[in-house]
Amino acid sequence: MSRILAIDYGKKRTGIAVTDPMQIIASGLTTVATHELSVFIEKYLKSEDVETIVIGEPKQMDYTDSELGSVIHAFAKALQEKYPHITIERVDERFTSKMAFQTMIDSGLSKSKRRNKALVDEIAATIILQTFMDKKSPF
């Protein structure tokens with residue numbers, strides 16, 4: 001099987017998560033500077049077999065797009081054009097950063113480690129990926 005890659009797109013940083021090849025476990029991979037994201041994805045796709053890319057879709061509470069919505073939509077469209085053999089999916093990402101921060105607290109990370117915004121982004125990408133996996137699971 002192929003992996004599923006998840007992206008928590010941000011203005012400055014983008015969190016990345018990935019499944020194992022059997023698509024059982026979602027794990028944080030890294031955080032990259034958003035301006036380096038396209039290069040990172042290209043290199044990653046050359047070294048790993050990825051069938052789906054899941055991109056967080058930022059929505060307001062009333063389901064309208066957030067300020068980054070149009071940027072992320074354009075990014076998703078560009079990915080689909082560059083990699084037509086890969087399925088591009090979108091997942092509602094509301095509250096993922098808050099959930100990521102709470103996960104850090106629950107796991108006992110110190111205050112100084114919880115200030116690491118890159119780690120928050122990576123955990124948020126993992127939550128986006130797990131949400132996608134849960135929705136597609138037949139169980």
I'd like the residue in the range 91-110 that is in contact with an Asp or Glu (Cβ under 8 Å, 6 or more places away or on another chain) and of a type outside the set (S, T, N, Q) and, out of all such residues, is modelled with the highest pLDDT. VAL91
Somewhere in the range 77-90, is a residue modelled with pLDDT of 80 or more, exposed (fewer than 15 other Cβ atoms within 10 Å of the Cβ) and in a loop (DSSP other than H, G, I, E, B)? yes
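The values are calculated or read from the model by the stated rules, or taken from the named source; none is laboratory data. These figures come from a predicted structure and were not determined experimentally. Because the Cβ atoms are built from the backbone with ideal geometry, glycine has one as well, and the counts that use them run over all protein chains shown.
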